[in-house]
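Have a look at the structure below, then the notes.
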Amino acid sequence: MQYTPAIDIWSIGCIFAEVLTGKPLFHGKNVAHQLDLMTNMLGTPSLDTISRVRNEKTRRYLTSMRKKQSVSFAQKFPNADPLALRLLEKLLAFDPKKSTYCGRGIQLERFYEGWKEE
């Protein structure tokens with residue numbers, strides 16, 4: 001697996017979601033379960049996105065799964081501030097091309113307005 005900043009961005013999103021909920025976002029038991037949890041929330045990735053997944057077994061698994069619609073972040077995180085939801089949507093994009101990069105993520109609402117300073 002080639003390491004890219006997209007991995008860090010995804011990780012930041014998962015940690016931020018855990019801060020909001022107090023529990024892990026995608027607590028999978030194995031790779032298939034992890035992918036199921038991710039697609040249950042984010043929806044099935046497009047064929048274009050799947051085609052860029054480097055692992056062949058993962059590509060086959062994603063291609064074979066039934067089509068899933070994404071869950072609204074507002075529904076998944078009902079008590080979260082709208083700015084936090086906007087940030088999460090940018091950090092947790094399945095497709096790294098649709099994700100934000102670190103500099104832009106930090107600029108996004110001044111990184112959630114300094115954690116909603118009072």
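Surface calculation, 1.4 Å probe, protein heavy atoms: residue 31 sits at approximately 100 Å² accessible.
In order along segment 68-85, the phi-based Karplus estimate (6.51 cos²θ - 1.76 cosθ + 1.60, θ = phi - 60°) of 3J(HN,Hα) comes to 10, 8, 6, 9, 4, 4, 5, 6, 6, 10, x, 9, 7, 5, x, 5, 5, 5 Hz; Gly and Pro are listed as x. Just tell me which lysines come within less than 21 Å, Cα to Cα, of residue 23; anything on the same chain fewer than 8 places away is out. Reachable lysines: 76, 90, 116. For segment 1-42, the share of accessible area belonging to carbon and sulfur comes to 61 percent (1.4 Å probe, ligands and nucleic acids excluded).
When the residues 81, 48, 8 are ordered by accessible surface, computed with a 1.4 Å probe over the protein chains alone, the sequence from largest down reads 48, 8, 81.
The values are calculated or read from the model by the stated rules, or taken from the named source; none is laboratory data. Since this is a predicted model, take the numbers as computed values, not measurements. Surface areas here come from the heavy atoms of the whole protein model, side chains and all, with no ligands, DNA or RNA. Shrake-Rupley method; radii C 1.70, N 1.55, O 1.52, S 1.80 Å.
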